[in-house]
Amino acid sequence: MTHPSLSTRLAAPFVLALALVTAAHADEAVIRKNLAERMPSLPKIDEVQRTNIAGLWEVRIGTDVLYTDAEGQYLIQGEIFDAKTKTNLTQTRIDKLTAIDFAKLPFADAVVVKQGTGARKMAIFVDPNCGYCKRFERDVAALKDVTVYNFIYPILGPDSEVKSRDIWCAKDRAKAWRDWMIDGKLPSKADAKCDTAAITRNVALGKKHRVQGTPGTVLEDGTRLPGAVPLEQLEKRIASAAKG
């Protein structure tokens, strides 16, 4: 009896793996081709990959997640839950896609408020006309030893854009910010020559990371807190993020 050589035995798993990879790429190509032909209005597909569910593929367009079959015949928009673990698999995936690396945030585009030592850090996407944001600002002001990076994010209308510009162009941005958000004191009108490109960049940044409402908080460890989190909970989360 002839036994396969060692090199042949070692090569077999590699050949099998290569075949599986080739098949996966073939399916991906089929999905891309068929969806493009059948749904010409569909935006450019950034990524196609298998899910852990047999026969189901993920189609990623930007940070939007859709699903399809191996032939690209059906396109599914919605959320998938793991009933056993009660996990929203779609949201988990989106959270990963939209995760924010705190250290890489463009801090020069933020209104910076330092409280105490400023040792702990947090960033907030905030609209100056957001009622929840104003309430949240009062809680944030009560925190000790924290640096707050306020990324002005005017998404509630034209007046938000006006106030954002006036605050950004103020001689003391931090004071103008707190005067308005806490005391309701309007800032002086901005000079027409003031550069407000930072606000435009903030809007683009927020949309990129799917910040769909304000306030939207990002902690040092990348944790995102949607909405006006109560002060006690906020303090615990900031302390945890700082340690992490």
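Things to note:
- Cross-link pairs beyond the 31 Å C-alpha cut-off, checked among Lys134/Lys193; Lys86/Lys163; Lys44/Lys243; Lys175/Lys243; Lys134/Lys207; Lys208/Lys236: Lys86/Lys163; Lys44/Lys243
- Computed packing ranks the peptides 144-156, 103-115 as 144-156, 103-115, most packed first, by mean other Cβ atoms within 10 Å.
- Listed values (i) 19.2; (ii) 20.9; (iii) 13.8, entry calculated as mean projected area of the Cα convex hull in nm²: (ii)
- The calculated FRET efficiency for the pair Ile61 and Val162, based on their C-beta separation and a Förster distance of 35 Å, comes to about 0.55.
- For Ile76, Ile167, order by how many other beta-carbon atoms lie within 10 Å, fewest first: Ile76, Ile167
- Proximal charge balance of Gln115 [Cβ under 14 Å; K/R count +1, D/E count -1]: +3
- Sum of side-chain charges, Val65 neighbourhood, beta-carbon under 13 Å (Lys, Arg +1; Asp, Glu -1): -2
- Using only side-chain charges placed at the Cβ, +1 for Lys and Arg and -1 for Asp and Glu, the dipole size of region 72-185 relative to its Cα centre rounds to 360 debye.
- Dividing the helix sum by the residues of the chain, where each DSSP H run of 4 or more adds -39500 (n - 2.57), gives a mean residue ellipticity at 222 nm of -13500 deg cm²/dmol.
- Considering only Gly184, Ala110, Ala170, the residue lying farthest towards the positive end of the dipole of region 102-243 is Ala110, judged by Cα position with unit charges set on Cβ.
- Listed by chain and number, the lysines placed with their C-alpha closer than 29 angstrom to that of Lys84 are Lys96; residues fewer than eight positions away on the same chain are left out.
- Cut-off of 10 Å, at most 16 other beta carbons, DSSP loop: longest stretch of the chain lacking such GluC sites (Glu not before Pro): 80-244
- Separation in nanometres of the label points that stand 7 Å from Cα toward Cβ, at Ala142 and Lys185: 2.2
- Where labels lie 7 Å past Cα in the beta-carbon direction, separation of Asp172 and Lys193 in nm: 2.4
- Evaluated with a Cβ-only charge set (Lys, Arg +1; Asp, Glu -1), the chain carries a dipole of roughly 580 debye about its Cα centre, given to the nearest 20.
Bear in mind these aren't lab numbers, they're just calculated from the coordinates by the rules spelled out. Everything quoted here is computed from the prediction, not taken from an experiment. Positions of Cβ are backbone-derived with ideal geometry, glycine not excepted, and every protein chain shown enters the neighbour counts.
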